[in-house]
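One structure below.
The values are calculated or read from the model by the stated rules, or taken from the named source; none is laboratory data. This structure is a prediction, so every number in the text was calculated from the model and none was measured. Every residue, glycine as well, gets a Cβ built from its backbone with ideal geometry; the counts of neighbours run over all protein chains shown.
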Amino acid sequence: MQNKFYDLKIKEIFKTTPDCSIISFDLNNGEKEAFKFIQGQHLTLKATINNEEIRRNYSICSSPLDGELRVGIKQIPNGVFSTFANNNLKAGDTLEVMPPHGNFNVPVEPNANKNYVAFAAGSGITPILSIIKTHLMSEPNSTFTLFYINKNAGSVILKEEIEALKNQYLNRFKIYHFLTKEVRDVALFDGRIDSEKLDIIYSSLISTENTDDTFICGPEDMIFLIRDYLKDKGFDEQKIHFELFNTTGQKYVPSEEVKAHSGEICDVTVQEGGKKFRFDLEIGKTNILDGALGQAADLPFACKGGVCCTCKAKVLEGKVEMINNYALEQEEVEEGYVLTCQAIPLTDKVVVDFDV
Ligand code: FES
C-alpha cells in the first residue's frame, strides 16, 4: 500500500443531490499513472480542518473506462470532512489524496456471460455504479440487476447517470428503486429491505441459481442481512462481495491468548516504504497501528475501524489477532495479511510489512 499523498487539483464539483457532491480531479501524466484504479476502489482524502488532520475514504464512482477520476461525498450529520467538502470545496482547490485501493471487485472477463446483482443504499451506490458500468461496458454478454434503496425520490444519488446507463443497456441492465420514506403503489418497493422482501425478490425477480456475483454496499445491518440471507440459501459465500463505509464495530472480547500475555512487552517491527521502524508495545493495550503512530511513525490509514483496508500489512514474524475485519478476504487472512488498526500482538516479537 502506497503511503503517499498527492496534491490533486479539483477539476469540477457538481451536486448530484443537495447533500452529495461529485468531485472530479485534474490529473497530470504522472498522477494518471499513480491513480490508475480498478472499479469499486476508493481514495483516502486528507485535509486539515479546524487545525486537525482529518482523513476519510470515499469510493470512486466513475469507471476506469471513463478516463476520469470521480468520487462522491455525501454530507452526513456532524461529519467534519463531508461538511467541509460539501460546503467549502470548489473547482481549482487542491486536496491531498492517496492512490486508489480496495478489493471490492471481481475481475473483468470480456467473454463472460454472467448475471451480476447489486444492492446499494444511499451513497453506497458510488462504488456499485463504477462496478456496474465497467462490467456492462467490458462484458457484452453479461447482465446487471440493481436494487437501489433511498429515502425518497429526491435523495437518489447519481440518478441521471444511472438512467443513462439503463437507456444505453436496456436489455442488460435492470434497476429496481426502493424508497423507505415514500409510499407507492407496489408495497415491495416501500420501506427497507428485510427478509420477507428478499424472499419476494429471490422468488419473483431474480434467483440465486442464476446469479454469479452479488455486490452489496450500504449500512452495516443491510449488508449483513443480505449476506446472511444468501448464505442461508446456499449461495456461494465467495461470490458475495460487500463494502462497508463505517461500522459500529463488535464489542471486542480479548481471546484467552491475549489475556494470558496481557501486560507483556512485544517487540514490534514495522516495514514501510523500504524503511524499518521498531518499538515496544504492551500486549493488550492497543493495536499495532496506533502503537506505531504514537511513536510518530508515518503509516497509511483512514477509518481505523477495520473497514477500509488502508492499513493492510503482512505479518512476517510472530502472531496477532484482529478485533474486527470487514475488509480482508479469507484467503488474504490465511496468507498472513492483517489490518494493523485491528491487530493486537500475541507474541513477544511481531514483524509486519506494509510494502507487500
Ligand atoms: S485504517 Fe481502515 S481498516 Fe485499518
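Read through the list (1) small (Gly, Ala, Ser); (2) under 25 Å from residue 227 (Cβ atoms); (3) away from the ligand (no atom under 14 Å from the Cβ), then give the number of the only condition that residue 273 fails.
The single condition residue 273 does not satisfy is (2).
Residue 120: in the same structural domain as residue 144 (by TED's automatic domain parsing) and either outside any loop (DSSP other than H, G, I, E, B) or modelled with pLDDT under 95 (or both), yes or no?
The answer is yes for residue 120.
What are the pairs, 6+ residues apart or on separate chains, where a residue within region 296-320 that is under 24 Å from residue 259 (Cβ atoms) has its Cβ under 7 Å from a residue that is within 6 Å of the ligand (Cβ to nearest atom) and in a strand (DSSP E or B)?
Matching pairs, first to second residue: 306/339.
Could you tell me whether any residue of region 159-171 is touching a strand residue (DSSP E or B) at 6+ places or on another chain (Cβ under 6 Å) and among the polar types (S, T, N, Q)?
The answer is no, given that none of the residues of region 159-171 is touching a strand residue (DSSP E or B) at 6+ places or on another chain (Cβ under 6 Å) and among the polar types (S, T, N, Q).
Which numbered condition trips up residue 207, out of (1) loosely packed, with under 12 Cβ neighbours inside 10 Å; (2) small (Gly, Ala, Ser); (3) at pLDDT 95 or above?
Failed condition: (1).
Quick one: what pairs do we get from region 32-60, first residue over 18 Å from residue 72 (Cβ atoms), second hydroxyl-bearing (Ser, Thr, Tyr) and outside any strand (DSSP E or B), C-beta under 6 Å, 6+ apart or different chains?
Sorted first by the residue in region 32-60, then by its partner, the list stays empty.
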